[in-house]
Structures are given as C-alpha cells and as structure tokens.
Amino acid sequence: MYWLLGSGVVLNNEIPYKSLLMHGFFVDENGEKMSKSLGNFVPLEEILDKYGADTFRMWCLSSTVWDDLKFNWDEIKEANRALSILSNLESFMQRFYVAPEKEEKEIGRRSEKESDDEKKNAGAKARDEKETKYGIEDLWLLSRLNTLIEECTRHFDEYETHMVARKCRQFIVEDLSRFYLKVAKKRIAAGENPETVSKVLFVVLFDVLRLMTPITPFIAESFYQEFYAKHKEKESISLFSWPRFEPKYVDPLLENQMEIVNEMVTALSNARQSAKIKLRWPVEEVIVVTKSTDAAAAARRLSGTIKILANVKNVKVEEKIASTLTLKPVHSKLGPVFKKDAKKAADAIEKADPVKLKKELEGEKKKAKVEEFEITPEMVAFDEVTEGYAGAQFSAGTAYVKTAINEALLSEAMAREVSRRIQMMRKEMGLVEKDLIEVNVSCEKELLALIEKREGEIASEVKAGKLKVSEKPMEIKQAHEKDWEIEEYTVKIRIKKI
Amino acid sequence: MYDHNSLEKKITHYWEHKKIYEKVKESNGKGERFYFCDGPPYATGQIHPGTAWNKCIKDSVCRYKRARGFNVRAQPGFDTHGLPIEVKVEQELKLTCKKDIEKIGVKKFTENCKTFATKYVGIMGKQFQRCGVWMDWDAPYLTYKDSFIDRSWGTIKKAEEKQLLEKGVYVLPYCPRCETTMANYELEYGEQTDPSIYVKFKVKGKENEFLIVWTTTPWTLVANMAVMAHPMYEYVYAKVDGETWIVAKERLDHLTAIINPIQGGSSATVLKTVSGKKLDGLQYEHPLQSKIGKEADRKIVMSDEFVTLEEGTGLVHTAPGHGPQDFIIGKRFGMEIFCPVNEQGKYSSEAGEYAGKAVREANPQVIEDLEHAGMLVHQGKVSHRYPHCWRCKTPLIYISTLQWFIKISKTKEKMLQEIETIKWQPDFAKTRFKEFVSSAPDWCISRQRYWGIPLPIWECEKENCGKYKVIGSAAELPHRVELHRPFVDELHFTCECGGKMSRIKDVLDVWFDSGNAIWASLGEKEEYMTANFITEG
Ligand SMILES: [Zn+2]
Ligand SMILES: [Zn+2]
C-alpha cells in the first residue's frame, strides 16, 4: 500500500485507493510466524480436508481483521459446530416445513427488491401480516433478525467483516438453535400455531443465508439448493440481493425482556439441578422474585415463554417471598483457626439462631461469640430458604421452582418419557412423520397406574394408530422391540409400522 | 459434523456447470462500479493459510458488494517477478551465483523464471477457488505480462518528467550472493555471532597516544576514514600499561574490565579529562596503513546523533562507504565515500593487500594483522541481530553503489496530505502508515538482477556525455520485443551527441510491480481509475 501510494502520487498526484483495510499476521498458537522452516506449519489443505472451506472461512473471518490470527484447531472445531447447526436447521426445515398453499411465493419474495412485484407484494404482505397470528417468540425472532440485518450491513460497510461473521454465528447458535427452535418444537408438539413457526423460520432462514453467503458461500448455497430452490425461482442464493432491513420489526424492549427471561430460565434450570428435578419433569409452579420492575414486566409479558422453556405450568412474579434463614458452618475457615476444636465450633454454630447470629456478624464488630468460640463472618454461610421451593439467582433477583411433584404432573411427565422412547425407536426404524405405528408398552404396576389413563395422549404424540399399555408384554408380530430404564422402572416397548 | 467434502464439491460443480459467477456479474452489469484491487501474492508455491485468509476477507467484501448491486471488478493478481522466483529457479537449475546465470544465458534464465511463475499461478488459483473465492480466475493479472510492464513504465517516465527520478551514490544493504542492492524493507534480521574487537588508532605526532575504537565488522576497518566523537561527552586521557588511551570517561571502567578481567580490570590512571569538543580535528594514523596503502586525512569529527555511551568506547569507527550513518557523516564532512569492495562482495584493488578476498571472510585476517601491528587491544565475540538477505539468507554487507531513486523526499508532503483523504480501517493503520511515510527514505528502485520489470532507461555510452533517455511505454521502442531481459537490452537508441545509448542493466524493485497494480492491471480498453477498496497485511 506504501508503494501504491508512492507510485500513485508520482503518476497522478493522488492516492490511488479510496479505502484500505489492514489485516494482521497469521501466526501459530504461540504467536510465532508460521513457516515450513520453523516446523510449525499447517498446510491449508489439511484444514480444508478436515473441516472444509466454509469452516476455515467462518473461523478466520471471525477473527478481528487487524489483529494477528492465531492458529487454533479447537476454534476451528467450534466454527464447524456452528455450521453443523445450520446444517441441522436445513434437515429440520426439510422434515417440518409445509408450504402454505398459495402465499408461499409472496412470503418468499418478502424482501427482494424486484420493483415490478413490489406493489403487488406489499399488498399481499399486508394481508398476510394481518392474517398471521404471531406468537411473542415469533415477533422476537423477527426483531432479532432485523437487528442482525442492520448490524451486518453496517459492519460490512465499515469493512468489519469479523463482526458480520460473529453476529451471524451467534444468531444461529444462540437465537435460532438454543432459543427459538426449542420453543418452536414445543409449540409444534402442542399444536400451538405451527404454521406461523413454519412461516417465520422460512423467512428468517432465507435472510440468514443471504447474510452468510459472503462468509460461508458453500453451505449457504447448499441450503438454498436443497431446500429453498423448490419454493423460489432463482438459480443461486447469490442471485438474490442483500436482505432489506425492516425497522418496523425491531422491538428493542422485547429483545431486552427476552434477554432477562433467558437469565431467569437459566436460573430455574440451576434451581432444578440443586433440587434434583429433571428438566423433563413438569413443575407446577415457579416464582420469580425481583425488585426490578423491568424484570417483573419481562416475566409477566413472557410467562408463556418461561412456561415452555422451563417446563412449568404456572409462573408467579413477586417482590419478595416468605423465607427462613438457615446457616451452615464453613469448615475450611474453621479448621485453620480452631485446629482440633474445629468440629466443636462447627457443632456450636449449627445450634445457633441464624437470625441473631447474622445480625451480630453484620454488626459493628464483625464478629460474634458462639459458646466459647469467637466467630467471624467468613466462618458461616447463610441462605434464604423457602419451604417447598428451590431457588437460584439471576442478575435482577431469584427464581424459585416448586419442588413437590404432583401426581397429575408426574403422570404427564412419565407419559412424556414413554413417548420420547417411542419417538427414538421410530427414528431407529427410519420412519417419517406420516408413518403410523402399532405400539405396546409393558411395565410394572406402579408405572402402569401413572400412564394408563394417558394412552390416548401418547398415541397421538407418537402417531400410533393403535397403542396399548399393559403389565404383561403383548404379542405384535415382527415388532421392533426394546427395553428401557425410566427412572427406577423397566419398560418394554414393541413397535410395528402399520 | 456435516459432510463438508461432498457438499462443497457438489456446490463447486453446480457453480461451474451453471456459470453462476458469470450470471451474478452479468446481473450487476449496469450497477455502480466497485473496483477492488487485489494485492498480488507471490507465485512461488502452495498458498500459506495466511494468504488464504487474506483472500477470504477480500472475497467476503466483494460478495457483499455484489449483493448490494455493485458491478464489482475482482480480478485476482499474481506477483510473478523478483528475487523470490529467481532464487527458486537458481536452485532448480543448480546455479549458485550471477556468473552461473550469465553462463547459461540470461534468456534461458528468465524463460525458466516465467515457466516457474506460470506453473504456480494455476495451482494457487485452484487453491483459492477451493476456498470459495469468487474472482475472475480465467483472467488474472500477471505482473510479468507486457501490458503490465508497459503501464508500469509510465510511472517511471512521469517521475522523470516531474524530476523525481534521480541517479545517485548511496550506501545500501547488499547481498554478496545475489549481487544486488536491497531496500530496508527487504531485510530479515537474525541472530548472528560476530567478532567484537577493540582497536588502537595512533594519534598523529604522539609517540604513545591512542584512540580506542570498537567494532563488530573488522573488515570495514580497511575503509576507515574517520572517528566520531560526541561534542558534549567527557573523554579521558588514561594511562594504561605505559600507554595513553583516549576514550569516553564513562566507558573507561568497561574497557579496563574487558581487557583484564582476571585482575578485575587493568589499572588505569586518568591523566586528564576533556570535553569531546576538544578532540575535534585530532588526526590519527590508520592501524593497517602499510597493508591498505590508501592515504587520507583521518581525524576525529563531531557527531551528536551517532555516538552513544551504551556500548563501545565513545569513539566510533567511521567508514562512509560501509554504513548508512557513516555515509551521512562522510557526506556532511566532505569525506571521500571510500568503498574498496566490488559487486561480488570482494575487496577491490583499492584495498591493497586485501584485494580479491570476500569481505566477511577477511575478518580473521584483519584481526591477525592488527595483532601483529600491536594495535589490537582485545578480541571477543558478540551475538547480535544482523540483517540477512530476505531470499537467500546470506548476511548482508553495506556498500556504496550507484543506484536509481524516486525522490520520495520531494513527494512526501503530498503523500501525507493524500493519506488524510481516504478511509482507513482501523484508525490506527492511518497513524502507523503516516509514521512510515514520514520516515521513509528516497525509494531505491534499481536492482542488479534479471527477472523483473526492466528499468526503461537508456544511457549514452560516450564518455563525458552523461545523457540518458527514459521511455514511458513500449511504443517508444525501436521495435517491439518481449519487455524483459535480455530482449530489451538488445535495443539501442542514438544519443543527440551521436553516441550509442544502451539500457541500464538493472530491473525494478519487485515492490514497484505491486505498487503499480491499480492501473497496470487494467485492460487495454479500461481508463485509469482509483480502486474503491484494497486490503493488505
Ligand atoms: Zn541473497
Ligand atoms: Zn551522448
């Protein structure tokens, strides 16, 4: 670039380029120059053979352009994982997407810029918008998508290619896969407006592919060819223009609220873990305790999302919750001070009144006398305990799950467990969505009592034309058979395609 | 993990089969022009993952611009000239020096260079395409093409017209194996062990008085013309072993410790202390006068920028023909730029008894001669960073040679102004670049090699004429030939004086090639235009 400038000024009295992007050096893991003579060289071919060009591109283009790029196999694997998720999304669409009978073209062309169709499209779009019953998660995803389009456009205009790569990647891994798809699958299973899920994913993924074409051109094209080509008229994803940013979809409040809710859901999952309640078991109630009005509003507005993601029936929001203070001696702090008397000190602390002791330790002296022992704050751990609930903190409060499992919910949970096994077996048998099956589930009495009355539910969940739950295994000719462990029960399942 | 192998193969095939790249270009044909200029990689072998990274960044921007409707000009380039390729071809043909090249013939050599570069153009192109890089792979620009050379010559002509082209003697790094000058940006520093010696220079007219100097390049002592002292430092006359030594006061302890480490240093008695200024003009005798023969008025000169107290003795051996700093001082004080070294890196006949010896290999003999003359105070070893040839790794030497320059010093101000007019990403690139430009010396563009853009300069051979002619395009040649050595060397002009004009045998610095890429890569029908975007490391 120096020589270009020098020659340009000599020849034409001007700098011969309008923008310059500087990039860093490609170095090995230790920051050393990578070369054959130094013995730290990794040939490009090796990377391409192992993970492919898209992965190489996703990896190197995610690195801040002007910083040195340190070679790292783990990071390359990580980039590959993100693309595998995209590839899974394609198979999901293949299996799940049902084209609406007539509007498909119109939605497909949602943000193309062909001006001829523009007016016609606008009309169809408006009609379509009105008719679509968006769930809150759908609105959120469309908001996130448009935020992403705006960001990627800005970053590309500024030549910050790494920001584009990172944001697309984050969108696929976090927003689409970890969040939306999870909710979507439950909504589809529950029959809650699956057409909208289908429509939204169709639109969102198409835009994502266009955003990703400059970063990972092969997989974007492949997704287009394998899935979109039959719904759209162009020969290549690269023949479409850049997705258009539509500000009306952007809802920053909703995006913020969803972020807080995500934190709550993580806290709830931690709380479940501490109480040893599996995520698959439905819980009757959670209580979000927060003094923040924003967090409270988020939990109220998005209680439906919390219900789906945290697998609960009811979400309550409170400013505070009745709780008891409990305490525990911290043995590691007692040992060094009290030596052989540490055990005695611990016993003494356990017998102390938590409320009184806490007050004393938080007092001016920052210490308290328990029996003959002088106790300092770090020797005692206090905890707020709410009877019947397990809690875990998030940034703006604490989220509690009710620990008692009620019979109805448990029976529902068990039925779900059984369904899950049957679904796995369907997969093993290579069955597709529309194939019907005949099923027999046999198990001991206790479990039988829990799932017997849910035969119908299970049958519709797993697409069984015939389903029987019994204590003794029933004969089905040429059945696929398997024994499963569900909690402490052994269950035998027999399936045949009909 | 998904099956990337079959996926990418399938898509590559699809793109080729359906001519998708061409269709995308076509659909944007009427769009606003976006000229991306590819900084060309060297066509010397398989691509480095870093080069692939560079190309993928470029590709992602071009793909984005296409999606935004721009008519993107994305022609890939290859750097096909220069030492990187010459050195590889020398290895292939088992040649070790320029004499070997002349023996097989310049024509055969440059033909081989061309074949070599062309071979990798294809291989590298395939590798870039495997990375998904969408550029005009069927029409890359190659710096060795006549059209490229032709357009580059225009820049030299323009420099001549603007009086920015100049011939001059400069002290520059020089590779004795490749037998060519190097620019500072072509040096590679590596750790190397060299002699570290302390030498006595006898003060003229004083029986027992000596300047003590230090050097790690004993061979340059042959061309010693002066000693530098700092006007503000204090120097001492010290009695050591019955002699009087002159050194910087702060370096005396260091010196005595070195020459007699066992006794914790020779005892030195300070006789008097003077300021450096007082030493100005003090004459001394060359310690190897009888061997070298070269007569000169050798004396102490003042320099406040090149004398330090961090190492040595505070008195600095100065050979204006063998060091850039020495050169500056030599010019300043009107010394002869004495350089008794020829193009092969051997002492010339001006070096007296040393004539014919390769200079770095003469170090032991110089030391031995100094010892015999009783002028060696101490010899040891030093491990330091030393510049090497970027291609063949030979340790470089500094010699003064006659070279062609573009006077960057005269265009610098304009260059700095121009820097302000464009977009830099990131911001600090601009700051860094401005610093680089501010401190850049004049650009030495001539190289004494074979495979490169021939310097379009013809000089009159008649003695004392001194005229030369610069041409700005191939059309000005007496007739058309391939624009390479040796073909252009065979063309001559007639001087106004009637003398025969022959081309200067030099080729251009290979960085000049990429420096001209923005216009030299354009097709015949394309007008000059500035590039919208470039990216480089
Ligand atoms: Zn060399
Ligand atoms: Zn003449």
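The values are calculated or read from the model by the stated rules, or taken from the named source; none is laboratory data. Since the structure is predicted, the reported quantities are computational estimates derived from the model, not experimental observations. Please note: Cβ atoms are built from the backbone with ideal geometry, for glycine as well, and neighbour counts cover all protein chains shown. Each accessible area value is taken on the protein alone, full model and side chains, heavy atoms only, with ligands, DNA and RNA left out. Shrake-Rupley method; radii C 1.70, N 1.55, O 1.52, S 1.80 Å.
Going through region B:383-435 one residue at a time, which ones are open to solvent by 30 Å² or more (accessible area, probe 1.4 Å), within 28 Å of B:PRO456 (Cβ to Cβ) and over 21 Å from the mean Cα position of the chain (by Cα)?
Those that are open to solvent by 30 Å² or more (accessible area, probe 1.4 Å), within 28 Å of B:PRO456 (Cβ to Cβ) and over 21 Å from the mean Cα position of the chain (by Cα): B:GLU413, B:LYS414.
Can you tell me which of (1) in contact (Cβ under 8 Å) with a residue 60 or more places away in the chain; (2) closer than 17 Å to A:ALA189 by Cβ; (3) charged (D, E, K, R); (4) in contact with a strand residue (DSSP E or B) (Cβ under 9 Å, 6 or more places away or on another chain) is the one A:LYS463 doesn't meet?
Only one criterion is unmet by A:LYS463, namely (1).
Kindly indicate whether any position in region A:20-29 is at positive phi and more than 7 Å from chain B (Cβ to nearest Cβ).
no
Against the condition acidic (Asp, Glu), without any contact (Cβ under 8 Å) to a residue 24 or more places away in the chain and more than 7 Å from every other protein chain (Cβ to nearest Cβ), how does B:GLU16 come out, does it pass?
yes
Identify, from the list A:PRO217, A:PRO247, the residue that is of a type outside the set (Ser, Thr, Tyr) and within 13 Å of B:TYR64 (Cβ to Cβ).
Matching residue, one of A:PRO217, A:PRO247: A:PRO217.
Restricting to region A:154-179, name every residue that is out of contact with any helix residue (DSSP H, G or I) (no Cβ under 7 Å at 6 or more places or on another chain), facing chain B (nearest Cβ under 10 Å) and either part of a helix (DSSP H, G or I) or in contact (Cβ under 8 Å) with a residue 24 or more places away in the chain (or both).
A:ASP157, A:GLU160
Filter region A:223-267 down to the residues that are open to solvent by less than 10 Å² (accessible area, probe 1.4 Å) and assigned to a helix (DSSP H, G or I) and list them by number.
A:PHE223, A:TYR224, A:PHE227, A:TYR228, A:ILE237, A:LEU254, A:MET258, A:VAL261, A:MET264, A:ALA267
Based on this model, can you work out whether A:ASP49 counts as more than 7 Å from every other protein chain (Cβ to nearest Cβ), crowded, with 16+ Cβ neighbours inside 10 Å and free of Cβ contacts under 8 Å to residues at least 60 places away in the same chain?
No.
Would you point out the residue of region B:64-75, among those that are out of contact with any helix residue (DSSP H, G or I) (no Cβ under 7 Å at 6 or more places or on another chain) and touching a residue at least 12 places away in the same chain (Cβ under 8 Å), that is surrounded by the most Cβ atoms within 10 Å (Cβ to Cβ)?
This residue is B:LYS65.
Assess whether B:VAL507 counts as being surrounded by fewer than 18 Cβ atoms within 10 Å (Cβ to Cβ) and among the aliphatic types (A, V, I, L, M).
In short, no.
Yes/no per residue for (1) in the same structural domain as A:ARG187 (by TED's automatic domain parsing); (2) surrounded by fewer than 17 Cβ atoms within 10 Å (Cβ to Cβ); (3) small (Gly, Ala, Ser):
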| site | (1), (2), (3) |
| --- | --- |
| A:LYS291 | no, yes, no |
| A:ALA295 | no, no, yes |
| A:GLY304 | no, yes, yes |
| A:ALA310 | no, no, yes |
| A:PRO336 | no, yes, no |
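Report whether or not A:ILE260 is in contact (Cβ under 8 Å) with a residue 12 or more places away in the chain and either closer than 18 Å to B:LYS23 by Cβ or within 11 Å of chain B (Cβ to nearest Cβ) (or both).
Against the criterion (in contact (Cβ under 8 Å) with a residue 12 or more places away in the chain and either closer than 18 Å to B:LYS23 by Cβ or within 11 Å of chain B (Cβ to nearest Cβ) (or both)), A:ILE260 does not qualify.
Here is a check on your reading of the model: is A:PHE71 more than 24 Å from A:PHE179 (Cβ to Cβ), open to solvent by 20 Å² or more (accessible area, probe 1.4 Å) and not charged (D, E, K, R)?
no
Any idea which of A:VAL9, A:VAL42 is in a loop (DSSP other than H, G, I, E, B) and either within 7 Å of chain B (Cβ to nearest Cβ) or in contact with a helix residue (DSSP H, G or I) (Cβ under 9 Å, 6 or more places away or on another chain) (or both)?
A:VAL42
Considering only region A:137-161, state which residues are open to solvent by 10 Å² or more (accessible area, probe 1.4 Å) and touching a Lys or Arg at 6+ places or on another chain (Cβ under 7 Å).
Matches in region A:137-161: A:GLU151 only.
If the Cβ limit is 6 Å and pairs must be 6+ apart or interchain, which residue in region B:394-409 that is charged (D, E, K, R) pairs with which residue that is surrounded by fewer than 20 Cβ atoms within 10 Å (Cβ to Cβ)?
Within 6 Å, the pairs are B:LYS407/B:GLU166; B:LYS407/B:ASP442.
Touching a residue at least 40 places away in the same chain (Cβ under 8 Å), closer than 17 Å to A:VAL164 by Cα and away from chain B (no Cβ under 11 Å): which single residue out of A:LEU205, A:LEU209, A:LEU201 fits that description?
Every option except A:LEU205 fails the conditions.
Would you confirm whether or not region B:508-526 contains a residue that is touching a residue at least 60 places away in the same chain (Cβ under 8 Å) and within 16 Å of ligand 2 (Cβ to nearest atom)?
no
What number of residues within region B:436-466 are within 12 Å of chain A (Cβ to nearest Cβ), open to solvent by less than 20 Å² (accessible area, probe 1.4 Å) and either farther than 26 Å from B:ASP146 by Cβ or within 16 Å of ligand 2 (Cβ to nearest atom) (or both)?
Within region B:436-466, residues that are within 12 Å of chain A (Cβ to nearest Cβ), open to solvent by less than 20 Å² (accessible area, probe 1.4 Å) and either farther than 26 Å from B:ASP146 by Cβ or within 16 Å of ligand 2 (Cβ to nearest atom) (or both) number 2.
State all residues of region B:24-45 that are open to solvent by 70 Å² or more (accessible area, probe 1.4 Å) and within 7 Å of another protein chain (Cβ to nearest Cβ); if no residue qualifies, say none.
B:SER27
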